[in-house]
Amino acid sequence: MISIVIPALNEQDAIGDTVQRVRATLEAAKLVPHEIIVVDDGSQDETGIRAAAAGARVIRHPHNAGYGHSLKDGIRDARYDLIAITDADGTYPIESLPMLVERYRNGFDMVVGARSGTHYRESLIKMPLRWILRSLVEWTASRKIPDINSGLRVFRRSTVLGYFDHLCDTFSFTTSLTLAYTMTGRFVDYVTIDYRARIGKSKVKLLRDSTRTIQYILEAAIYYNPLRIFLLMSMLVVAAAILSFSVALATQLHVFYFMGIGGMIAALFIFSLGLLAALLRQIMIKTSAERQTYEAQPLDDRRDQSPHNGGSPSAAEFDLQSNLVN
């Protein structure tokens, strides 16, 4: 009925207890049949051995491939369509999983455990970064998102597989998954959970992983809703131009006046690029839909539509024209 996927890197001190807690929770909630998959992402300790001893099915990577890569491998290998993911370090309350599953059954495409508590706010450096990232994601998605990168969530394997090409292989996997579901009209809900103290050391490199997360947010925004991100950049440039005009009035220096004019022209140019990007995306979506419709047709119908037989070619047909000859 449900597969639990747990990526793990050098988590020998926590993985055994995590697997046992997951099993006890699933059995108490009568979420059966179930399986627990631990993806040992190139650990240098006994993570894989202890996970297997605790009863998990272990997938081993010969070297570290990344958090997102591990989740993708575990999801692909899962036996059941209903998927839950969690971390191996004991931070997520596994006991909340049945609540997430119950909420999921109300018609949502994904349910996420939104973290709260003192351990979630433990770093004075992380909180401002989280606010910046969440604000950028909320602007892009045009909705409130309580937790953009929580690692405790429930979704369908059959649904998430279609997004794999656009999901990050590193720690930004959950952020890119949130954006993908939200910006394609999927129903996503959030359930507040109490984030716990970590067992062992965090594998997150703050500067490196924050930079990568911003990169994937921008990539997702440009892919799913390009006009939104170009509009944001245009507004920032307009704000800078207005500031230049204000400085020019205060100092009577013409250089700031010309900078303001240049900023306004640049903002118009950036917004125009956004309109072009949005148009290209619409063309891409239409072409993809035509291709899927075309490929779903019987072969005889495809031949009837071929220009060789007097039919009018579609965009999808041009891509497949070589397959229609003879």
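Okay, here's what the table says:
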item	result
Ordering of 49-56, 82-89 by burial proxy (mean other Cβ atoms within 10 Å per residue, highest first)	82-89, 49-56
Per-peptide average of other Cβ atoms within 10 Å, ordering 252-261, 138-147 highest first	138-147, 252-261
Distant-in-sequence amide H partners of residue 39 (H built 1.01 Å from N, under 5 Å)	6, 8, 59
Equivalent ellipsoid, the stretch 75-170 (semi-axes from 5 times Cα gyration tensor eigenvalues, Å)	24, 17, 14
Net dipole in debye of the stretch 2-224 [+1 Lys, Arg Cβ; -1 Asp, Glu Cβ; about Cα centre; nearest 20]	420
Compactness of the stretch 2-224 - radius of gyration and Dmax, Cα, Å	16.2, 46
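Quick note: the coordinates plus some simple rules give every number you see, no bench work behind them. Just so it is clear, the model here is predicted, and its values are computed rather than measured. A quick note on method: Cβ atoms are made from the backbone with ideal geometry, for glycine too, and the neighbour counts reach across all protein chains shown.
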